[in-house]
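First comes the structure, then the notes that go with it.
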Amino acid sequence: MDTLPPFATHRVENQPPPFAPRDLWRDDVALREAVSRESGDSHAEALARYGALAGDEIYRLSFDAHRDKPRLRSHDALGHRIDLVEFHPNYHAIMRAAIEHGVAGLSWHDPRPGSHVARAALSYLHHQVEPGTSCPLTMTHAAAPVLRHAPALVEWARKAAAPSYDGRDVGFGDKAGLTLGMGMTEKQGGSDVRANQTLATPVSGDEYELVGHKWFFSAPMSDGFLVLAQAPGGLSCFLMPRWHPHGGKNALRLMRLKDKLGDWSNASSEVEFQGAWAQRIGDEGRGVATIIEMVMLTRLDCMLGSAGEMRMALAQAMHHARHRRSFGKPLLDHALMRNVLADLALEAEAAIQFAIRVAGAVDRAGGDAREQAFARIATAIGKYWICKRAPAFVNEAQECLGGAGYVEESILPRLYRQAPLNSIWEGSGNIQCLDVLRALAREPQTAAALLAELESAAGRDAAFDTQFDPLRAVLSGRTPVVEAQARVWTERLALALQAATLLRAGSPLAPAFCASRLGGQHGLAFGTLPEGLDFDLVLQRVLPA
Ligand SMILES: Cc1cc2nc3c(=O)[nH]c(=O)nc-3n(C[C@H](O)[C@H](O)[C@H](O)COP(=O)(O)OP(=O)(O)OC[C@H]3O[C@@H](n4cnc5c(N)ncnc54)[C@H](O)[C@@H]3O)c2cc1C
């Protein structure tokens with residue numbers, strides 16, 4: 001037996017215990033309160049199950065799924081095209097667990113009040129530990145309602161919502177559950193999808209042949225893709241299956257995989273359509289109007305994902321600060337570290353409380369016009385602001401771990417690489433802000449919904465009320481907003497809406513959020529909260545000991 005100590009020179013001391021296993025649902029007070037407030041309580045058991053799984057098994061599996069990047073197999077040994085992407089087995093295990101627990105389909109296969117809220121919470125929990133798989137999961141979730149618009153695709157919609165994952169390279173008919181991707185972006189224009197050049201030629205009825213390319217095409221092993229292409233009547237939306245409905249592979253060629261900054265467990269490709277079979281959804285010329293339903297839901301998940309990145313980064317920072325000692329006491333007891341962590345805690349709570357508020361509006365949108373209008377505009381506002389805050393936030397949390405936060409065994413480098421992505425895809429920052437202006441100008445019900453939301457929180461905090469006045473003028477059309485100021489006003493709206501959510505929820509963090517974010521008592525970096533705030537109260541809420 002080896003009787004030597006593990007190291008000849010030292011003992012391992014002053015290092016925190018492992019972060020996981022950890023129950024991500026039980027530990028997250030803000031999430032549980034938000035889900036309850038937005039009527040998601042009937043799914044609490046499912047959320048509790050997934051929170052425990054995500055913080056244990058999925059967390060453990062995620063490291064190899066991320067490190068061992070997907071590989072393109074364009075040809076087999078004999079030179080035939082196979083157009084396959086190989087993933088680490090953990091990728092498939094994670095996808096299976098997520099889909100079976102409803103991360104992609106709960107809102108559709110178990111529709112009752114609060115289902116969108118619960119699915120949003122699942123998405124947030126999942127993204128904390130394995131954000132790469134969030135991409136195919138969110139696209140699958142978001143594509144289902146679009147598929148329902150084509151009577152011939154109802155079975156596709158049902159299988160996309162099913163709690164069943166099948167990663168085999170086989171056709172639609174051989175699977176009980178499906179995954180979906182999205183093909184909009186081409187080389188000559190991503191934000192401006194009207195510049196799409198891919199041509200769709202009618203073959204018979206709603207069936208077309210597509211010729212062209214897509215410059216970004218994520219999750220290319222999905223069973224089908226909603227793509228935009230130019231039909232005789234203009235830009236139109238299509239379902240393109242990976243397998244031809246009459247047998248054999250569809251003429252969809254994977255050219256290469258993108259070498260990305262992060263998001264490594266997820267494959268993003270460039271593709272060519274070489275006469276690929278596709279089924280039209282919606283009328284010719286209505287492509288953007290048809291696919292926007294999918295995009296609105298993926299944008300909600302961008303917001304939830306960035307909130308999830310913040311939550312995981314903060315939880316890691318808190319865990320470290322609680323156990324690591326410096327200059328004779330735990331990091332958590334140092335006044336300046338408390339300011340940093342409390343400041344991050346305000347940001348993270350405002351992010352998830354607001355994202356779940358928007359999910360609640362999506363849930364009620366079908367029967368409530370004001371909630372529909374609120375979801376429409378709050379999605380763009382939240383997608384802009386929460387995704388924009390994540391990279392700086394994750395960096396700050398990373399710094400709380402010192403050097404360990406820069407090393408791959410901690411999850412922080414992975415989160416740091418992931419963090420910029422949500423603000424780029426699904427409509428980059430400027431596009432979201434311009435969308436906010438467009439909605440305010442052309443859909444007056446959106447301004448009315450924002451006014452009502454902010455009004456309902458008035459009179460509870462002086463800083464909030466002061467900020468509300470200029471916003472009232474904008475939302476009632478008295479102050480016109482020029483294009484160059486779109487970010488300024490979207491940011492102000494986002495902060496006011498986050499504050500309103502916290503105030504209405506009675507969150508103990510609301511006064512500190514309002515003082516720092518609305519009352520001007522804050523610097524440009526995190527950790528600049530003013531004196532006199534109750535840091536204990538904020539920090540006790542973040543992570544149970
Ligand atoms: C990892 C990854 C995976 C992706 N996966 C997919 C996918 O699966 N399917 C898919 O369709 N796309 C995908 N995308 C593409 C993504 O959606 C686009 O990159 C994004 O929409 C921006 O388009 P673009 O790259 O063409 O940039 P551009 O449209 O050229 O925009 C560049 C910049 O200019 C800004 N800008 C554009 N127009 C204006 C304007 N009028 N005023 C002010 N600013 C403006 C944009 O906000 C952006 O900051 C993916 C991207 C990445 C990074």
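Checking each residue in region 196-222 for being hydrophobic (A, V, I, L, M, F, W, C) and either in a loop (DSSP other than H, G, I, E, B) or within 9 Å of the ligand (Cβ to nearest atom) (or both) picks out Trp215, Phe216, Phe217, Ala219, Met221.
Let's see how each residue does on (1) of a type in the set (Asp, Glu); (2) surrounded by fewer than 22 Cβ atoms within 10 Å (Cβ to Cβ); (3) within 22 Å of Gln540 (Cα to Cα):
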position: Ile352; (1), (2), (3): no, no, yes
position: Ile356; (1), (2), (3): no, no, yes
position: Ala361; (1), (2), (3): no, no, no
position: Phe374; (1), (2), (3): no, no, no
position: Ala380; (1), (2), (3): no, no, no
position: Ile386; (1), (2), (3): no, no, no
position: Val394; (1), (2), (3): no, no, yes
position: Glu399; (1), (2), (3): yes, yes, yes
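Look through Asp259, Asp283 and report the one residue that is away from the ligand (no atom under 16 Å from the Cβ), more than 20 Å from the chain's Cα centre (by Cα) and either surrounded by fewer than 18 Cβ atoms within 10 Å (Cβ to Cβ) or assigned to a loop (DSSP other than H, G, I, E, B) (or both). That would be Asp283, the only listed residue that is away from the ligand (no atom under 16 Å from the Cβ), more than 20 Å from the chain's Cα centre (by Cα) and either surrounded by fewer than 18 Cβ atoms within 10 Å (Cβ to Cβ) or assigned to a loop (DSSP other than H, G, I, E, B) (or both).
Here is a yes/no grid of residues against (1) in contact with an Asp or Glu (Cβ under 8 Å, 6 or more places away or on another chain); (2) farther than 18 Å from Pro136 by Cα; (3) buried (at least 16 other Cβ atoms within 10 Å of the Cβ):
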| residue | (1), (2), (3) |
| --- | --- |
| Pro70 | yes, no, yes |
| Asp76 | no, yes, no |
| Arg81 | no, yes, no |
| Val85 | no, no, yes |
| Pro89 | no, no, no |
| Ala93 | no, no, yes |
| Ala97 | yes, no, yes |
| His101 | no, no, yes |
| Gly105 | no, no, yes |
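Does at least one position in region 244-256 carry a residue that is assigned to a loop (DSSP other than H, G, I, E, B) and within 17 Å of Leu147 (Cβ to Cβ)? The answer is yes, given that some residue of region 244-256 is assigned to a loop (DSSP other than H, G, I, E, B) and within 17 Å of Leu147 (Cβ to Cβ). Every listed requirement among (1) of a type in the set (Ser, Thr, Tyr); (2) within 16 Å of the ligand (Cβ to nearest atom); (3) in contact with a Pro (Cβ under 7 Å, 6 or more places away or on another chain) is met by Tyr384 save one, (3). Within region 77-104, residues that are over 27 Å from Leu122 (Cβ atoms) reach no partner that is acidic (Asp, Glu) and part of a strand (DSSP E or B) with beta carbons closer than 9 Å at six or more positions or on different chains. Pairs are defined by a Cβ separation below 7 Å, a sequence spacing of at least 6 or placement on different chains, a first member in region 198-222 that is farther than 30 Å from Tyr165 by Cα, and a second member that is among the acidic types (Asp, Glu) and modelled with pLDDT of 95 or more; the pairs so defined are Thr198/Glu186; Thr201/Glu209; Val203/Glu209.
Give Ala121, Ala161, Ala150, Ala144 a once-over and let me know the one that is under 28 Å from Ala361 (Cβ atoms), away from the ligand (no atom under 16 Å from the Cβ), surrounded by fewer than 21 Cβ atoms within 10 Å (Cβ to Cβ) and not β-branched (Val, Ile, Thr). Testing whether each residue is under 28 Å from Ala361 (Cβ atoms), away from the ligand (no atom under 16 Å from the Cβ), surrounded by fewer than 21 Cβ atoms within 10 Å (Cβ to Cβ) and not β-branched (Val, Ile, Thr) leaves just Ala150.
Does any residue of region 461-479 turn out to be surrounded by fewer than 23 Cβ atoms within 10 Å (Cβ to Cβ), closer than 25 Å to Gly308 by Cα, at pLDDT 95 or above and not small (Gly, Ala, Ser)? No: region 461-479 contains no residue that is surrounded by fewer than 23 Cβ atoms within 10 Å (Cβ to Cβ), closer than 25 Å to Gly308 by Cα, at pLDDT 95 or above and not small (Gly, Ala, Ser). Restricting region 456-497 to residues that are away from the ligand (no atom under 16 Å from the Cβ) and among the aromatic types (Phe, Trp, Tyr) leaves a set whose member that is farthest from Ala441 (Cα to Cα) is Phe464. If the condition is being among the polar types (S, T, N, Q) and closer than 18 Å to Ala157 by Cα, then region 100-138 contributes Ser107, Ser115, Thr138. Close contacts from region 177-188, counting a first residue that is closer than 15 Å to Phe238 by Cβ and a second that is near the ligand (Cβ under 8 Å from one of its atoms) and part of a loop (DSSP other than H, G, I, E, B), with Cβ to Cβ under 6 Å and a gap of 6+ residues or different chains, come to Gly181/Ala219. Phe526 - would you say it is assigned to a helix (DSSP H, G or I) and among the aromatic types (Phe, Trp, Tyr)? Criteria not met by Phe526. Report yes if some residue within region 102-113 is in contact with a Leu (Cβ under 7 Å, 6 or more places away or on another chain), assigned to a loop (DSSP other than H, G, I, E, B), more than 16 Å from the ligand (Cβ to nearest atom) and within 16 Å of Tyr50 (Cα to Cα); otherwise report no. Yes. Here Phe217 fulfils each of the conditions (1) touching a helix residue (DSSP H, G or I) at 6+ places or on another chain (Cβ under 7 Å); (2) aromatic (Phe, Trp, Tyr); (3) buried (at least 22 other Cβ atoms within 10 Å of the Cβ) apart from (1). Of the residues making up region 170-195, those that are polar (S, T, N, Q), in contact with a Phe, Trp or Tyr (Cβ under 8 Å, 6 or more places away or on another chain) and either within 12 Å of the ligand (Cβ to nearest atom) or outside any loop (DSSP other than H, G, I, E, B) (or both) number 1.
Quick grid of which residues meet (1) within 14 Å of the ligand (Cβ to nearest atom); (2) buried (at least 17 other Cβ atoms within 10 Å of the Cβ); (3) part of a strand (DSSP E or B):
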| site | (1), (2), (3) |
| --- | --- |
| Leu226 | yes, yes, yes |
| Gln230 | no, yes, yes |
| Leu235 | yes, yes, yes |
| Asn266 | yes, yes, no |
| Ala276 | no, yes, yes |
| Ala289 | no, no, no |
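Is it the case that some residue within region 59-81 is in contact with a Leu (Cβ under 8 Å, 6 or more places away or on another chain), in a helix (DSSP H, G or I) and closer than 23 Å to Lys260 by Cβ? No: region 59-81 contains no residue that is in contact with a Leu (Cβ under 8 Å, 6 or more places away or on another chain), in a helix (DSSP H, G or I) and closer than 23 Å to Lys260 by Cβ. Among the numbered conditions (1) among the acidic types (Asp, Glu); (2) part of a helix (DSSP H, G or I); (3) out of contact with any helix residue (DSSP H, G or I) (no Cβ under 7 Å at 6 or more places or on another chain), the only one that Glu531 does not meet is (2).
Of the residues that make up region 315-334, is at least one of a type in the set (A, V, I, L, M, F, W, C) and under 18 Å from Leu122 (Cα atoms)? The answer is yes, given that some residue of region 315-334 is of a type in the set (A, V, I, L, M, F, W, C) and under 18 Å from Leu122 (Cα atoms). For first residues located in region 307-325 and crowded, with 24+ Cβ neighbours inside 10 Å, partners that are outside any helix (DSSP H, G or I) and hydroxyl-bearing (Ser, Thr, Tyr) and lie 6+ apart or on another chain with Cβ distances below 8 Å form the pairs Gln316/Ser410.
Among the criteria (1) crowded, with 22+ Cβ neighbours inside 10 Å; (2) within 16 Å of the ligand (Cβ to nearest atom), the one Leu412 does not fulfil is (2).
The values are calculated or read from the model by the stated rules, or taken from the named source; none is laboratory data. Just so it is clear, the structure is predicted and the values come from calculations on it, not from any experiment. With ideal geometry, Cβ positions are generated from the backbone for all residues, glycine too; neighbour counts draw on all protein chains shown.
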